[in-house]
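Laboratory data are not the source of any read-out in this text; all were calculated from the coordinates shown. Just so you know, these numbers come straight off a predicted model, no measurement behind them. Every residue, glycine as well, gets a Cβ built from its backbone with ideal geometry; the counts of neighbours run over all protein chains shown.
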């Protein structure tokens, strides 16, 4: 079958790979309905993580169950399923606390930019739809697997509440999903920080009430001006760089929370500065599994359309162009027909 | 009158100082019922903060109002009052959000290790009791001004809830008050980390269910063992050093919050490590004013006895010995008769 392998910086290839097989009784094999490229795939693509052996890329997925291991009881072949990019047993203490992304058995999904994929810990990870969804819902269901779930977690970790004033730092796909999430949670005001017209427009479509196009200190000053010099009640940090983190903290009012979901690269926080800012922080890989049933329902009821975040669709064989388009910010997020 | 001045490292003196006067119409002058020494007074005492000119020491206070400025309306001469060590107007947006310690007009109290003290922003800062309290309640009322309010905030920031498993890092007066606070909030289990017998005993008296006497990695291993390798739901960091902060984070389960109230000295946090620990953080100077009416009621109703944290009482003239006793950990907290 066709799959996607990363060999080194900017060397990603669609090539023939072995079909996945059941390796453990808790595995399932799914036939993907569609695949996509994640912003976090760009870290190794750009050479920021060392690649010691070729990586099977792709961790966002939805599709039809082909085969299950002997121990799998909650899904069966023929069902349409979505799963989190974090694989979890959904029974350990951390899972029960709603932090499935820190499951005692946690693994990270791989190999989903392909025709078929193996999903370990299928019982704890996969959620089936009542019936096979209509085709036009596939992009939005695929989005729940990671990008929407991650934006949602950012808003949850930032404790967005009804009426909150929210700032979203980062206009990538996750940031845009953060806007959607804050809107669904009833935020009174959503300030999206973005300097790109197409992303600003999408942010507004997802519920942003204000756009700040400046970054850094100038952007913070704009947010302060918009909030009567108070700062935001909740800030979603969806980038993971030192500058964006500083921007996020400086946009927050004392007592606010920053929900941070961009994997931090080179971010160091000074304890004393954090203390006197009195801004709270909660981040980490998103426990998408906690939110998944609810988010899938929102999609199936057509109450949200997160699939709009895909602004480029390519056949799987052109996956390399999909990476390039995102790397060069020509595309927000690339969907792959498999 | 007699007051306390810090001239340099370990050079603290009780000496004749001018009586405070009303300087602004929002000031009040109070006659202190008692004074005390704070753990945070030891930072400049030990030379960790540079002293460019002599400091008027003391920021915890309760007593009788002597005089008020023309603009003061909520307290009047003759009333017994307690105030927070953070002076606040209690009307600005940050105050209304319950973060009075980040008040737009915030000042820090000074000069309260004395007979009389000036309290700026009296209306927003002071809370009067219905009548003059009995003498034996003075230590506990004095404790609400900072040490109890700070321990309480640590528990609040760590989101201690009914049934929570709580770890308290630090067996100073604030940590012991954190134990009391967690107990009042209904924590199911309170693990106090302390290697000192007298402090362990006081922790147990305040509600600790378990004592861990090891520190660092050994202490963390003990907490893990006590919690079935899960970690705590809420951790109170009441020290402010790199080692204690690391210990606090490592005791927390994913999704837990660390409430940190020790002013961080030399604490640096690695963003990526924080991310993957999935431990949240909220700290800062405690917004004692938020909790003060409730805490004063608990004391007046004799439901709590935080004044037990004072294990040394000296006349004000012996203030230097009070500092020495705390510096050498011979005393947990020193009360001063003024």
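Inspection of segment A:34-41 identifies at least one residue that is in contact with a strand residue (DSSP E or B) (Cβ under 6 Å, 6 or more places away or on another chain), under 21 Å from residue A:172 (Cα atoms) and in a loop (DSSP other than H, G, I, E, B).
If we scan segment B:56-69, do we find a residue that is over 23 Å from the mean Cα position of the chain (by Cα) and assigned to a loop (DSSP other than H, G, I, E, B)? Talk me through it step by step, then tell me what you get.
Within segment B:56-69, the subset over 23 Å from the mean Cα position of the chain (by Cα) is B:66-69.
Next cut, assigned to a loop (DSSP other than H, G, I, E, B) only: B:69.
For segment B:56-69, residues over 23 Å from the mean Cα position of the chain (by Cα) and assigned to a loop (DSSP other than H, G, I, E, B): present.
From the list A:203, A:208, the one residue that fits, being assigned to a loop (DSSP other than H, G, I, E, B) and touching a helix residue (DSSP H, G or I) at 6+ places or on another chain (Cβ under 7 Å), is A:208. When segment B:127-142 is filtered for residues that are crowded, with 24+ Cβ neighbours inside 10 Å and either within 20 Å of residue B:56 (Cα to Cα) or free of Cβ contacts under 8 Å to residues at least 40 places away in the same chain (or both), only B:142 remains. You will find that of A:182, A:192, the residue that is free of Cβ contacts under 8 Å to residues at least 40 places away in the same chain, touching a strand residue (DSSP E or B) at 6+ places or on another chain (Cβ under 6 Å) and either over 24 Å from residue A:225 (Cβ atoms) or surrounded by 24 or more Cβ atoms within 10 Å (Cβ to Cβ) (or both) is A:192 and no other.
For segment B:277-315, a residue qualifies if it is within 26 Å of residue B:258 (Cα to Cα) and surrounded by fewer than 17 Cβ atoms within 10 Å (Cβ to Cβ), and the qualifying residues are B:293, B:294.
Take the conditions (1) in contact with a helix residue (DSSP H, G or I) (Cβ under 9 Å, 6 or more places away or on another chain); (2) under 18 Å from residue B:60 (Cβ atoms); residue B:315 misses just one of them, which is (1).
A residue that is more than 14 Å from chain A (Cβ to nearest Cβ), in a loop (DSSP other than H, G, I, E, B) and within 18 Å of the chain's Cα centre (by Cα) occurs nowhere in segment B:115-138. Scanning segment B:70-88 for residues that are part of a loop (DSSP other than H, G, I, E, B) and more than 20 Å from the chain's Cα centre (by Cα) turns up B:70, B:71, B:72, B:73, B:74, B:75, B:76, B:77, B:78, B:79. Would you confirm whether or not segment B:139-147 contains a residue that is assigned to a loop (DSSP other than H, G, I, E, B) and within 30 Å of residue B:213 (Cα to Cα)? Checking segment B:139-147: at least one residue is assigned to a loop (DSSP other than H, G, I, E, B) and within 30 Å of residue B:213 (Cα to Cα).
The strands (runs of 3 or more DSSP E) found entirely in segment A:251-338 that carry 2 or more residues being under 23 Å from residue A:41 (Cα atoms), in contact (Cβ under 8 Å) with a residue 40 or more places away in the chain and within 14 Å of chain B (Cβ to nearest Cβ) are A:252-260, A:280-283. Return yes when residue B:52 is surrounded by fewer than 21 Cβ atoms within 10 Å (Cβ to Cβ) and either in a loop (DSSP other than H, G, I, E, B) or within 20 Å of the chain's Cα centre (by Cα) (or both) and no when it is not. So residue B:52 passes the test.
Test residue B:150 against the criterion of being within 14 Å of another protein chain (Cβ to nearest Cβ) and out of contact with any strand residue (DSSP E or B) (no Cβ under 8 Å at 6 or more places or on another chain), and give yes or no. The answer is yes for residue B:150.
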